[in-house]
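Notes for the one structure printed next.
The values are calculated or read from the model by the stated rules, or taken from the named source; none is laboratory data. All values derive from a computational prediction rather than experimental measurement. As a convention, Cβ positions derive from the backbone with ideal geometry for all residues, glycine included, and neighbour counts pool all protein chains shown.
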Amino acid sequence: MRRLLLILLLVFAFATVGAKRSKPVTIVFDGLDAPATLAEKQVVRSTSSMTIDGVEHPVGFVTLARDGDQLGEHRIGRLIAHDGDPIRWPGGADRLCTRADGATLQLVDGAIHLVTHHECQPAVVYDTTLAQAEDGALTAVSAVPIDAAAVGGIGNACAASPSPWGTHLGSEEYEADVRLLQPDGTVAGNDEGYNYFSAYFRGTLHGVHPYALGWIPEIDVATTPATVTKHFAMGRFSHEQAIVLPDQRTVYLSDDGTNNALFLFVADAAGDLSAGTLYAARFTQQDDAFSLDWISLGHATNDQVAPHVGGVPFDSLFATADAKPGECPEGLTGINTSARHECLAVQPGQELLASRLETRRYAALRGATTELRKAEGIAWDPDHGRVYMAVSAVARGMTAGHKKWDAGRDSGDHIRLAKNRCGVIYGGEVAAKTKDTDGARIDSKYVLGGLRPFVTGVPEGERCAIDAMANPDNVAWIPRARVLLIAEDTDHHDSNVLWAADLATEPPTLTRLMTTPLGAELAGINWFPDVGGWGYLTVNVQNPYSVNPWTGASYEGGIPEGANRSYLGVLGPFPQF
């Protein structure tokens, strides 16, 4: 195996009597070649070692559990209804969600908890208790599903992140379009799979409303039982991930889908996301980069919004008219979001509810950019004061003058890039003393002023170059190192890759740390520098052997029995830097 060496410069901080000093540390990862044989494409492969200042340390991917495993009284990934009992297929078999996604490690009274999303509709979140050996090795001991009945369940749980105060910040992706709501509680065309959520309520959606889904759930496993809080103050849209910055008030929020936006939330108080001001970005393009202006969507609290998530008529929030590009009636504004071209105006006095229940539409009416195509994971880089965001593909509304996705937008075509099916990682620095577009000061020292490309996918034929990134999904930063971790969710590589990108080189040097079985994606990456004295990267291998248009549904050699179950695991253990 050819060794791909990624040399990272980190600063190892250590204390001495009366003083603190730092010295550089050289880290070398043993990288992987691209999988070449069918056997290599049927397994999870990972780096096996790293060196720190020439001293070798073993490191690798450890499977803690797989969907369907029995851990104590519960099976990982088994869907649970609002009454606390399992959801079953008509024949009586458990319904398993084989889409393990967002994951965090939480240390509670000396016990290590792995909190894991299972991205289905309905979703389920499991709390797995782990044991740690002296050498840092982790093993799964028991697991319990987290009861979310008090908040009406969780749908399409996607990426996650740890909060600085020790809780799990989840997500609800792909919110249903309320304009498609039918009298029986379903939505026309099963928009975003919403109708499948009926399984949570034993086959009915009566008394349920799409406004109950599409939020950031915060999960605290330090309580018994674990508590779940949906933060309505942070807005409803297709949440991919929320990342809290060091002030414990500033939060960046990505919005996954087509013609979506980028959001910033500034909480009133540190460590409390129940109240704050929400902003949406307006992009101004400069070649392949952008400056950002922030448009205030107003202040709100969870308590102000909560009474209305059970259902508000759309026409009580917005005046509407038939959408004809360039022909919206006087008093209405033409927008183009994930719901495509519409003519809307906010009903008088409904600004607060419109801004939180229909956040993307409201942002578009205020002039924000709603042209992003699959804005995915976000990472905070404290070494450079920088925020990174993965864009899975530059397409649709991100290209110039798209006939469908740029039509009828009164605010204009903000993003006019060349198409890139393989995606881009954007990043930019944060700053203090920033004002919003109304001239009011944004009460944060971490306001993103622009975005530029840092890692770019390379189209090759109809796919993506084998030694370049393809369709980035999750990203994570290892503090004090010039390295960005990138997890793929792509059909353009046979096996998805976990990359380490050394941003100290130009272009960035990419090293493979993991590859997946055919059809799987890598998900749930978050860096934890100190869990019981060891470092870990959470990593899930989601939905192996899903249909890939390039490899086909049958797969050469067939699908091994049970091979489509997700892997829940960690890359590690890492010695502390």
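Out of the stretch 79-105, which residues are over 22 Å from the mean Cα position of the chain (by Cα) and assigned to a strand (DSSP E or B)? Across the stretch 79-105, the qualifying residues are ILE80, PRO86, ARG88, ASP94. Working only within the stretch 218-242, note down all residues that are part of a strand (DSSP E or B) and surrounded by fewer than 24 Cβ atoms within 10 Å (Cβ to Cβ). GLU218, ASP220, THR227, VAL228, THR229 - these are the residues of the stretch 218-242 that are part of a strand (DSSP E or B) and surrounded by fewer than 24 Cβ atoms within 10 Å (Cβ to Cβ). Only one entry of GLY334, GLY367, GLY326, GLY349 meets the criterion of being touching a Gly at 6+ places or on another chain (Cβ under 7 Å), assigned to a loop (DSSP other than H, G, I, E, B) and more than 30 Å from GLY524 (Cβ to Cβ), and that entry is GLY326. Figure legend. Inter-residue proximity from the stretch 37-60: first residues more than 25 Å from GLU521 (Cα to Cα) and in a strand (DSSP E or B), second residues modelled with pLDDT of 90 or more and of a type in the set (Gly, Ala, Ser), beta-carbon distance below 7 Å, spacing 6+ or different chains. Indicated pairs: GLU56/SER49; HIS57/SER49.
The residues listed here are ALA280, ALA275; of these, the one that is surrounded by fewer than 19 Cβ atoms within 10 Å (Cβ to Cβ), of a type in the set (A, V, I, L, M) and under 26 Å from VAL387 (Cα atoms) is ALA275. Inside the stretch 400-445, can you point out the residues that are touching a His at 6+ places or on another chain (Cβ under 9 Å) and part of a strand (DSSP E or B)? GLY427, GLU429, listed by residue number. Of the listed requirements (1) among the charged types (D, E, K, R); (2) surrounded by 19 or more Cβ atoms within 10 Å (Cβ to Cβ); (3) free of Cβ contacts under 8 Å to residues at least 60 places away in the same chain; (4) closer than 18 Å to THR250 by Cα, ASP381 misses just one: (3). Scanning the stretch 49-81 for residues that are within 26 Å of PHE201 (Cβ to Cβ) and crowded, with 18+ Cβ neighbours inside 10 Å gives ASP67, HIS74, ARG75, ILE76, GLY77, ARG78, LEU79, ILE80, ALA81. Return the only residue of GLY18, GLY77, GLY84 being modelled with pLDDT of 90 or more and farther than 19 Å from PRO517 by Cβ. Exactly one residue qualifies, and that residue is GLY84. Residues considered: ALA123, ALA140. Of these, the only one that is crowded, with 16+ Cβ neighbours inside 10 Å, in contact (Cβ under 8 Å) with a residue 60 or more places away in the chain, among the hydrophobic types (A, V, I, L, M, F, W, C) and within 20 Å of VAL541 (Cβ to Cβ) is ALA140.
Within the stretch 268-292, the set of residues being under 21 Å from the mean Cα position of the chain (by Cα) and free of Cβ contacts under 8 Å to residues at least 24 places away in the same chain comprises ASP272 only.
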